[in-house]
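K.L.:
The following block contains the structure, expressed as structure tokens.
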Amino acid sequence: MTAPDPAAVRAARALQDGMPEAIEQRDLDALVTNLAGWFTTDLDTRAAALLPDEETP
């Protein structure tokens, strides 16, 4: 596994962080956009985004 681009990891974290907010605000468009972005992100980047900050490559 190669280390994913740090900018891609930050973007994936932003997508992940936006999901609960979209649910709270009942913003279906934002939720669908965040889910679509998350699921089209490559698996290595998603795995890195789920790690705590200090373990990010």
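K.L.:
Between a residue in the stretch 14-26 that is at pLDDT below 95 and any residue that is among the aromatic types (Phe, Trp, Tyr), which pairs come within a Cβ distance under 7 Å, given they are 6 or more apart or on different chains?
P.N.:
15/38; 16/38
K.L.:
Give me the residue from the stretch 37-56 that is open to solvent by less than 80 Å² (accessible area, probe 1.4 Å) and part of a loop (DSSP other than H, G, I, E, B) and, out of that set, modelled with the lowest pLDDT.
P.N.:
Of the residues in the stretch 37-56, the ones open to solvent by less than 80 Å² (accessible area, probe 1.4 Å) are 37-38, 41, 44-49, 51-52, 56.
Now narrow it down to the ones that are part of a loop (DSSP other than H, G, I, E, B): 41, 51-52, 56.
Values: 41: 94, 51: 91, 52: 86, 56: 54.
Ranking the qualifying residues of the stretch 37-56, first place goes to 56.
K.L.:
What are the residues in the stretch 1-36 that are among the charged types (D, E, K, R) and assigned to a helix (DSSP H, G or I), if any?
P.N.:
10, 13, 17, 21, 24, 29
The values are calculated or read from the model by the stated rules, or taken from the named source; none is laboratory data. Predicted model only: the values in this text are computed from it and were never measured. Using ideal geometry, Cβ is built from the backbone for each residue, glycine included, and neighbour counts are taken over all protein chains shown. These accessible areas exclude ligands, DNA and RNA; they are computed on the full protein's heavy atoms, side chains included. Shrake-Rupley method; radii C 1.70, N 1.55, O 1.52, S 1.80 Å.
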